[in-house]
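Engineer: I have a structure here, written as structure tokens, and I will follow up with some questions on it.
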Amino acid sequence: MSNVKNYKTLEKIVSLCKRRGFIFPSSEIYGGFSAVYDYGPYGIELKNNLSCAWWKEIVQKREDVVGLDSGIFMHPTTWKASGHLDSFDDPQIDCKDCKARMRGDHMLEEFNINADKMKTEDINKKIKKLKEKNIILKCKNCGSKNLTQAKNFSLMVKSNLGSPTDVLSEDNIVYLRPETCGGIYLNYKNILDSTRVKIPFGIAQIGKAFRNEIVARQFIFRTREFEQMEMQYFLHPKIIQEKYNEWKKIRWNFYINYGIKEENLRWLKHEKLAHYAAEAYDIEYNFNALGGFKELEGIHQRGDWDLSQHQKFSGIKLDYTDPITHEKYIPHIIETSVGLNRMLLAFMHEAYTEETVNKETRVILKFDKRLAPIKIAIFPLLKNKLELVKKAREIYNNLKLEYMCEFDDNGNIGKRYRRQDEIGTPYCVTVDFDSLEKNDVTVRDRDTMKQERIKIENLKKWLKENL
Ligand code: GAP
């Protein structure tokens, strides 16, 4: 391990992501497009592995949760009913000199004032109080004290889908969903009517969400376009605490099970709650490269707010009749909600490792093997020896049917190992001259760098046991 304290810097992680084809800034050839990122060949594999792991734990392994894929665009009244049009705002402060935009709550946090979910007028009051003590907020960009008051800035992203005019008016506005759960509430009745689910049950969804974040920084931690993985669990209020504790445990264990060290996780109980929440905890991850513990996932008790609101605004009954007791009630909801991109950053941060080998720094992404973008890399020892290339290709063609594999004959073996270490490939298989005579290969382990000779006929079995 590198002896430099906190060697996991954001700069190194961003550079590795770009250099090795995980994540690229959007629209680079046009000078970039702020707060949007593109996922390259290894980024999309990692993202797919994370979302599959989440789906497996939340949907596949459970009888009481089903999946959904609803549209990004929804009836605009959805967002009136959910409260987003009235109160999904952040407190924006502008610098009058350099025009930089900042979030008032974040600026107060620098003075150890917890301004999470604080109303804009309260933020202005706090700023006034600081001023009375001769503490004046400064622009993060240019240091100027010439700042505006905080004002409400809506996070909703507008569009005019299907409209004959490109002018946005009250009549043609539609919104890109700011969270995926809206589609779940609107399909709750469809799922109840068309499948065999009974309360308590959950609906899970993975999909894009859009927020016009005032300050979208820190790489993929906070972006304007991102993917959410959300599950809404519908239940009778009498079992809410028991189920809430259960879901908190399930979500915590997910991170441990896939390789996050427990010391890098902690709970944060929200004192101030979002407009819909009755109780809310975050799982925070120690994003050292971003300055410490930050929100990774939210686990919320939403009460019966969502279904009651949609019932009120749509005029459609969304209550549930218990088949045994015949009690009629609006189900309450427990929500688990995490950004896939933010989760990817957490696992990337956790996996990033530097070791000193022969006085050189070896960079490795020590992903849990299930998450690694490429499971096996197959090399012929030399590129220009046809027999080696032929045998290595045969192995690659056979293994790729079951695993995400990569064939590489570029550069020397040392360079190939370094590349695979940096993308987190657990095993490298090399075909050398002995392989031609003995029909075996060397298998090199990413973490220990140990090499083992395995008969080709046993290779699949060996990989099955080790991957
Ligand atoms: N449905 C509830 C909800 O959306 P949230 O706390 O606003 O709650 C849940 O968001 C999760 O979505 C966060 O914990 C985070 O992982 C992710 N998330 C939210 N805003 C994000 C953004 N701008 N960029 C990346 N991820 C974001």
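Engineer: Kindly indicate whether any position in the stretch 101-117 is modelled with pLDDT of 90 or more, assigned by TED's automatic domain parsing to the domain that holds Ser194 and among the small types (Gly, Ala, Ser).
Structural biologist: So far as the stretch 101-117 goes, no, none of its residues is modelled with pLDDT of 90 or more, assigned by TED's automatic domain parsing to the domain that holds Ser194 and among the small types (Gly, Ala, Ser).
Engineer: Residues in the stretch 196-226 that are near the ligand (Cβ under 10 Å from one of its atoms), open to solvent by less than 30 Å² (accessible area, probe 1.4 Å) and either over 28 Å from Gly291 (Cβ atoms) or among the charged types (D, E, K, R) (or both): how many?
Structural biologist: Of the residues in the stretch 196-226, 1 are near the ligand (Cβ under 10 Å from one of its atoms), open to solvent by less than 30 Å² (accessible area, probe 1.4 Å) and either over 28 Å from Gly291 (Cβ atoms) or among the charged types (D, E, K, R) (or both).
Engineer: The conditions are (1) assigned to a loop (DSSP other than H, G, I, E, B); (2) touching a residue at least 24 places away in the same chain (Cβ under 8 Å), and Lys99 fails exactly one of them. Which is it?
Structural biologist: Only one criterion is unmet by Lys99, namely (2).
Engineer: Continuing with this model, one more query. Pick from Gly21, Gly43, Gly67, Gly32: which is part of a loop (DSSP other than H, G, I, E, B), of a type outside the set (Phe, Trp, Tyr), in contact with a strand residue (DSSP E or B) (Cβ under 7 Å, 6 or more places away or on another chain) and in the same structural domain as Phe210 (by TED's automatic domain parsing)?
Structural biologist: From the options Gly21, Gly43, Gly67, Gly32, the qualifying one is Gly32.
Engineer: Can you run down the residue pairs with Cβ atoms below 7 Å, 6 or more apart or on separate chains, where the first is in the stretch 284-300 and under 15 Å from Lys249 (Cα atoms) and the partner is of a type in the set (Lys, Arg) and more than 10 Å from the ligand (Cβ to nearest atom)?
Structural biologist: Glu284/Arg266; Glu297/Arg251; Ile299/Lys248; Ile299/Arg251
Engineer: Another question, then. Restricting attention to the stretch 443-456, does a residue exist that is out of contact with any Phe, Trp or Tyr (no Cβ under 9 Å at 6 or more places or on another chain), assigned to a helix (DSSP H, G or I) and either outside the structural domain of Ser51 (by TED's automatic domain parsing) or surrounded by fewer than 20 Cβ atoms within 10 Å (Cβ to Cβ) (or both)?
Structural biologist: Yes, some residue in the stretch 443-456 is out of contact with any Phe, Trp or Tyr (no Cβ under 9 Å at 6 or more places or on another chain), assigned to a helix (DSSP H, G or I) and either outside the structural domain of Ser51 (by TED's automatic domain parsing) or surrounded by fewer than 20 Cβ atoms within 10 Å (Cβ to Cβ) (or both).
Engineer: Can you pull out the residues in the stretch 71-106 that are among the polar types (S, T, N, Q) and crowded, with 19+ Cβ neighbours inside 10 Å?
Structural biologist: Hits for the stretch 71-106 are Thr78, Ser82, Gln92.
Engineer: Further question: How about the stretch 230-239: which of its residues are buried (at least 20 other Cβ atoms within 10 Å of the Cβ) and closer than 14 Å to Leu307 by Cβ?
Structural biologist: Hits for the stretch 230-239 are Gln232, Tyr233, Phe234, Leu235.
Engineer: Since Asp434 meets every condition but one in (1) open to solvent by 10 Å² or more (accessible area, probe 1.4 Å); (2) touching a residue at least 60 places away in the same chain (Cβ under 8 Å), which condition does it not meet?
Structural biologist: (2)
The values are calculated or read from the model by the stated rules, or taken from the named source; none is laboratory data. None of the values given here were measured: they were computed from a predicted structure. Methodologically, a virtual Cβ is constructed for each residue, glycine included, from the backbone with ideal geometry; neighbour enumeration extends over all protein chains shown. Surface accessibility is based on the protein's heavy atoms, side chains included, excluding ligands, DNA and RNA. Shrake-Rupley method; radii C 1.70, N 1.55, O 1.52, S 1.80 Å.
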